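Have a look at the structure below, then the notes.
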Amino acid sequence: MNHDTDYMIIFAHPDDAEFGCAGSIANWTAQGKKVVYVACTSGDKGSNDPGTNIKQLCLLREKEQKEAAKKLGVKDIVFLRYPDQGIEDTSEFRKILVRQMRIFKPRIVITMDPYRKYIWHRDHRITGQVALDAVFPFVRDPLAFPDLMQEDILPHKVEEIWFFGSEDVNLKLGITGTFDTKLAALQCHKSQIDAMGWNKVEKWVKERGAKMARGTEFTYAEGFHQVKIPG
């Protein structure tokens, strides 16, 4: 099976990928690996101000996402523009993800862990679940969404799916050398960082990265739950 893309990152909101796996992404692009982003919403609920202009916020958050991706060496971003807090597990959403996987042909899909317990954004949970279902078995099966075949968008076999934000980590990747790049990418999301406070965000990201690195030779790490796709 030919793979045109090494990693496809599917996430709910602008900044999710940077919080979840930006250090790893920076490592991959530095090695010449191709990484594609699929942003499912434009983050139009990402403000504490009830008077926020939603259209302007969407434009701003997409601009911030492009700037963050550029810091990480990611050149391709697909914005699906679903409403924030409006992601649903539907055949339409699944088909859209299948379309993108068949177009970009990733070897590995990385998304948000749908099985995290209790407090977890609904968009995160559903994005991860629909991405998983798209990977197995829909994207590989020619009779799934046959109209895509008529558009010459052909089946594709994804080798692995990784979940970030997981409570069941079985893969840790060192990001010590790209940790500053991760922070720089996060700083691009100014609309969100200003509300949270950069010092608080930086402290949390450092503590999380150091905690993930425990038991390894790394100073900072990112963790995933890795699943190899059968068949």
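Miscellaneous remarks
- Residue range of the chain that is longest and free of GluC sites (Glu not before Pro) which are both DSSP loop and sparsely packed (at most 11 other C-beta within 10 Å): 1-150
- For the pair Ala195 and Glu217, a Förster radius of 45 Å applied to the C-beta separation gives a FRET efficiency near 0.80, rounded to the nearest 0.05.
- Between Lys172 and Lys70, the modelled label-to-label distance comes to 3.5 nm, taking each label 7 Å out from Cα in the direction of the beta carbon.
- Furthest towards positive pole of dipole, Pro142, Ile161, Gly51, structure part region 49-191, Cβ charges: Gly51
- 9 Å beta-carbon shell around Ala68, net charge (K/R +1, D/E -1): -1
- The Cα atoms of region 84-220 give a gyration tensor whose axes a ≥ b ≥ c have a/c of 1.5 or more with a/b greater than b/c, which makes the shape prolate.
- Positive-end residue of Pro83, Ala17, Gly174, charge dipole of the chain with Cβ unit charges: Gly174
- Label point at Asp6 placed 7 Å out along Cα→Cβ; residues across region 188-231 whose backbone nitrogen lies under 11 Å: none
- Euclidean distance of C-alpha centroids, region 80-152 and region 171-185, integer Å: 26 Å
- Cα gyration tensor shape of the chain, rounded if a/c is under 1.5, else prolate or oblate by comparing a/b with b/c: oblate
- A Cβ-based charge dipole, computed about the Cα centre of the chain with Lys and Arg at +1 and Asp and Glu at -1, lands at about 400 debye.
- On the basis of the beta-carbon distance and an R0 of 45 Å, Lys157 and Lys45 show a calculated FRET efficiency of 0.80.
- The distance between label points at Ile119 and Lys63 comes to 3.3 nm (points 7 Å beyond Cα on the Cα→Cβ vector).
- Per-pair calculated FRET efficiency, R0 = 22 Å: Glu202 and Gln31 via Cβ, rounded to 0.05: 0.25
- Relative contact order, whole percent, for region 5-228 stands at 26, derived from Cα pairs under 8 Å and 6 or more residues apart.
- With θ taken as phi - 60° and the Karplus curve 6.51 cos²θ - 1.76 cosθ + 1.60 applied, the whole-hertz 3J(HN,Hα) list for region 212-224 is 5, 7, 4, x, 10, 8, 8, 7, 10, 8, 10, x, 9 Hz, x standing for glycine and proline.
- Signed unit charges on C-beta, dipole axis of the chain, positive-most listed residue Ile193, Ala213, Leu60: Ala213
FYI, it's all coordinate maths here, none of it is from the lab. None of the values given here were measured: they were computed from a predicted structure. When we count neighbours, we look across all protein chains shown, and the Cβ atoms used for this are built from the backbone with ideal geometry, even at glycine.
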